[in-house]
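A.B. asks: To start, I am sharing the structure in question, which I have written as structure tokens.
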Amino acid sequence: MTGSDETRSLYFDLLKRCLTNWIYGRSELTRVQPDGIIERLLERFLAPEGVLLARMTNFDSEKRRGGLDWPPPNAHTMIGLKRLDNLQFCLEDVIANGVPGDVIETGVWRGGATIFMRAVLKAYKITDRRVWVADSFEGLPRPDSETYPADEGDVHHIYDELRVSLDTVRENFDAYALLDEQVCFLKGWFRDTLPHAPIDRLAVLRLDGDMYESTIVALQSLYPKVSVGGYVIVDDYCIKSCAKAVDDFRAANAITGAIRPIDGSGVFWRKDI
């Protein structure tokens, strides 16, 4: 390993620990939900002063490593160290092999995975690839069970924790000094933005949409743009509706490349043809 390789490795490791809030995990605070009368009275009294009720959160390193403590209170990503390691592998492989195209994540939450994507490109001094940050920035859509029966009963849209504004994500990029012209935001529901996204080619396509609709729309819109030798990463293959969307798309398009597990939640495959 050369000096520059070692420096990049140290930078990536530190970045992963910052993005997952590993370095401050033992001092995390979680807002107390005012379930009882006393809590509601306290919140009503304290809120005008800008004070919120919070409690210390028990940090579980193994859950954080696997992205299983959903959602982590202060982290900029919930995908954990193992899936960040996988993202690094895919990015470095396409860079090493000259696989053409930009990189994208569909469904970014607080932006952590796309921040890491931009960091890898910057560390390798790559200026001709863009990082696409695609999200509604309003949470997940209500299920359209008539069009996508597999999403019937899906409740992701009710979680306020999944609603992260575009301004917040931009601020998170800026906090790492990684907000620049190579970062491109696609705001809106995937059905409205992805089919017409101004993307020519992709080297890495990372899907984190949880639902059948979010997954199948992203695959239908963007998979044809993935270069041979590029990678498709699916964060939520552990969710039945997401897995069905992936399996349906692969079957409909005769995709036979082996799906490789990452950590019991995510999977990925390399586009060979």
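A.B. asks: Considering only segment 62-84, I want to know if a residue exists there that is touching a helix residue (DSSP H, G or I) at 6+ places or on another chain (Cβ under 8 Å), more than 29 Å from ASP167 (Cβ to Cβ) and open to solvent by less than 50 Å² (accessible area, probe 1.4 Å).
C.D. replies: yes
A.B. asks: Can you tell me which residue within segment 93-138, out of those that are under 21 Å from ARG8 (Cβ atoms), in a loop (DSSP other than H, G, I, E, B) and basic (Lys, Arg), is least open to solvent (accessible area, probe 1.4 Å)?
C.D. replies: Looking at the filtered set, the residue picked out is ARG129.
A.B. asks: Which members of segment 144-175 meet the condition of being part of a loop (DSSP other than H, G, I, E, B) and either open to solvent by less than 40 Å² (accessible area, probe 1.4 Å) or aliphatic (A, V, I, L, M) (or both)? If you could, list the steps in order and put the result at the bottom.
C.D. replies: Just the residues of segment 144-175 that are part of a loop (DSSP other than H, G, I, E, B), to begin with: 144-148, 152-155, 159, 163-165.
Once the filter is applied, which keeps residues that are part of a loop (DSSP other than H, G, I, E, B) and either open to solvent by less than 40 Å² (accessible area, probe 1.4 Å) or aliphatic (A, V, I, L, M) (or both), segment 144-175 yields ASP154, VAL155, VAL164.
A.B. asks: Let me ask something else. Of the residues LEU46, LEU42, only one is surrounded by 15 or more Cβ atoms within 10 Å (Cβ to Cβ), aliphatic (A, V, I, L, M) and more than 30 Å from LEU186 (Cβ to Cβ); which? I'd like the intermediate steps shown before the answer.
C.D. replies: Working: LEU46 fails: surrounded by 15 or more Cβ atoms within 10 Å (Cβ to Cβ).
Exactly one residue qualifies, and that residue is LEU42.
A.B. asks: Determine which member of the set ILE216, ILE239, ILE199, ILE233 is open to solvent by less than 30 Å² (accessible area, probe 1.4 Å) and over 20 Å from VAL131 (Cβ atoms).
C.D. replies: None of the other options fit; the residue is ILE216.
A.B. asks: Tell me whether segment 45-52 contains one or more residues that are part of a helix (DSSP H, G or I), within 25 Å of GLU171 (Cβ to Cβ) and either touching a residue at least 12 places away in the same chain (Cβ under 8 Å) or of a type in the set (A, V, I, L, M) (or both).
C.D. replies: yes
A.B. asks: Turning to a different aspect of this structure: For segment 129-146, state whether one or more residues are more than 19 Å from the chain's Cα centre (by Cα), polar (S, T, N, Q) and under 22 Å from GLN220 (Cβ atoms).
C.D. replies: Among the residues of segment 129-146, at least one is more than 19 Å from the chain's Cα centre (by Cα), polar (S, T, N, Q) and under 22 Å from GLN220 (Cβ atoms), which makes the answer yes.
A.B. asks: If you don't mind, there's one more thing I want to ask. Pairs needed: first member in segment 8-33, under 15 Å from TYR176 (Cβ atoms); second member anywhere, of a type in the set (Asp, Glu) and at pLDDT below 95; C-beta distance under 7 Å; at least 6 residues apart or different chains.
C.D. replies: Once the first residue is under 15 Å from TYR176 (Cβ atoms) and sits in segment 8-33, its partners that are of a type in the set (Asp, Glu) and at pLDDT below 95 give ASN21/GLU28.
Quick grid of which residues meet (1) within 17 Å of the chain's Cα centre (by Cα); (2) part of a helix (DSSP H, G or I):
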{"position": "ILE199", "(1), (2)": "no, no"}
{"position": "SER221", "(1), (2)": "no, yes"}
{"position": "ASP236", "(1), (2)": "yes, no"}
{"position": "SER241", "(1), (2)": "no, yes"}
{"position": "LYS244", "(1), (2)": "no, yes"}
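The values are calculated or read from the model by the stated rules, or taken from the named source; none is laboratory data. Computed from a prediction, not measured in an experiment: that's the story for all the values here. Backbone-built Cβ (ideal geometry, glycine too); neighbour counts: all protein chains shown. Please note that ligands, DNA and RNA were not included when accessible areas were found on the heavy atoms of the full protein model with its side chains. Shrake-Rupley method; radii C 1.70, N 1.55, O 1.52, S 1.80 Å.
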